[in-house]
Amino acid sequence: MNFPSPILAADYVGHVVGGWEYVQGAYGLTLVALLAYGAYLFNARKDRS
Amino acid sequence: MRHWTLTYSSQTQALLWLPMILLALVLALIGVHVFDPKARRWTWKALAVIGVGMAVGQPFLALSWVPPEKYMGDTGRILYVHVPQVWMALIALTLNFGASLAFLLKKSWVSDALAEASAEVGVLFGAVGVTLGALWAKPTWGAYWTWDARLTTAAILLVVYSGYLALRKFIEDPEKRATWSAVVGIFAAVDIPVLWFSVKWWRSMHQTQSNPSTVDPLMTAVLRYSATAFLALLAVFIYQRFLVASAKRNEEVALPEALPAVGGTP
């Protein structure tokens, strides 16, 4: 199938895939990364004090 | 370019100002933190409370309150974490450039510790931001990665600053480490404006920067809210990492012929 524009292609793929699993993955990754770095800094500060 | 004119109730319009008020508060706290050393005992805690509190509310606003994007649907909600994360990375790495320059000019351990802290936190936010971009690219572009100008310059940025952090680990002499890494930090910063303007200079899959006149006010408000939350966390992370780096530097430079310790020359 030929799409007339990238926007329509994105629309098409978005409908097929749904997209929520990527959104959940993105928010989950952000949460884990921030929490993990916060915990690392907390430990590093405790070790230095 | 098509401009959308939307009208909202006066209550919603008043709510749209909330992120700007919170942003002003966070910037004011950062300002007090920077310019008033005595206030640092409480400013970072206030920023941590605001940052964590806003970060807790952020998923509700981004995943539920704001409507889905017109073309990408719910996938477009990745915008509210991807874009602020990359913004924070660029702020942190620009700070690294300033601190690197300051070290070469003033030879102060404060600058070196700040450079170390800002580079590490910048790489953290940058790596998360780029990964989120890849997660967004898969359902919209059909592939996690493409060697387009924006993505390539982002990859270069991460590789160069990871190398910067590795360099700091490998050199034991603190003065040599600070000087060499400052030089690398200054050269590495060349990629920051290249990354920013890459979507304008080259034909790119990645869209160019939007502005409030082309985006729904609700989306702008949630994006500003998210950026403010991450800015508060960025400030806390850099400050805490700076304290770790400062303590390590004070241990290393106890010799009398070394440069003054962190507490000595601000």
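Here are a few things to note about the model shown:
A quick yes/no check of all residues on (1) without any contact (Cβ under 8 Å) to a residue 12 or more places away in the chain; (2) closer than 27 Å to B:TRP17 by Cβ; (3) part of a helix (DSSP H, G or I):
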{"site": "B:ILE192", "(1), (2), (3)": "no, no, yes"}
{"site": "B:LYS200", "(1), (2), (3)": "yes, no, yes"}
{"site": "B:SER204", "(1), (2), (3)": "no, no, no"}
{"site": "B:ASN211", "(1), (2), (3)": "yes, yes, no"}
{"site": "B:TYR225", "(1), (2), (3)": "no, yes, yes"}
{"site": "B:THR228", "(1), (2), (3)": "no, yes, yes"}
{"site": "B:ALA235", "(1), (2), (3)": "no, yes, yes"}
{"site": "B:VAL244", "(1), (2), (3)": "no, no, yes"}
{"site": "B:GLU251", "(1), (2), (3)": "yes, no, yes"}
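- The set of residues in the stretch B:47-60 that are within 12 Å of chain A (Cβ to nearest Cβ) and out of contact with any Leu (no Cβ under 9 Å at 6 or more places or on another chain) comprises B:VAL56, B:GLN58, B:PHE60.
- Against the numbered list (1) within 27 Å of A:GLU21 (Cα to Cα); (2) at pLDDT 95 or above; (3) of a type in the set (A, V, I, L, M, F, W, C), B:ALA137 comes up short only at (2).
- Residue in the stretch B:91-102 that is surrounded by fewer than 22 Cβ atoms within 10 Å (Cβ to Cβ), within 12 Å of chain A (Cβ to nearest Cβ) and among the small types (Gly, Ala, Ser) present: no
- Across the stretch A:39-49, the qualifying residues are those that are within 9 Å of another protein chain (Cβ to nearest Cβ) and of a type in the set (Gly, Ala, Ser), and the one among them that is farthest from B:VAL123 (Cα to Cα) is A:SER49.
Okay, residues lined up against (1) more than 27 Å from B:PHE125 (Cα to Cα); (2) at pLDDT 50 or above; (3) at the interface with chain B (Cβ under 7 Å from one of its Cβ atoms); (4) over 22 Å from the mean Cα position of the chain (by Cα):
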| position | (1), (2), (3), (4) |
| --- | --- |
| A:MET1 | yes, no, no, yes |
| A:PRO4 | yes, no, no, yes |
| A:VAL16 | yes, no, no, no |
| A:GLY25 | no, yes, yes, no |
| A:THR30 | no, yes, yes, no |
| A:TYR37 | no, yes, yes, no |
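- Looking across the stretch B:117-144, just one residue is in contact with a Lys or Arg (Cβ under 9 Å, 6 or more places away or on another chain) and free of Cβ contacts under 8 Å to residues at least 40 places away in the same chain, and that is B:TYR144.
- For B:TYR8, the criteria (1) surrounded by 12 or more Cβ atoms within 10 Å (Cβ to Cβ); (2) in a helix (DSSP H, G or I); (3) not acidic (Asp, Glu) hold in every case but one, which is (2).
- Check on B:SER198, within 14 Å of another protein chain (Cβ to nearest Cβ) and modelled with pLDDT under 95: no
- Of all residues making up the stretch B:61-78, the number that are at the interface with another protein chain (Cβ under 10 Å from one of its Cβ atoms) and either under 24 Å from the mean Cα position of the chain (by Cα) or basic (Lys, Arg) (or both): 7
The values are calculated or read from the model by the stated rules, or taken from the named source; none is laboratory data. As the structure is a computational prediction, the values presented were derived from the model and not from experiment. Because the Cβ atoms are built from the backbone with ideal geometry, glycine has one as well, and the counts that use them run over all protein chains shown.
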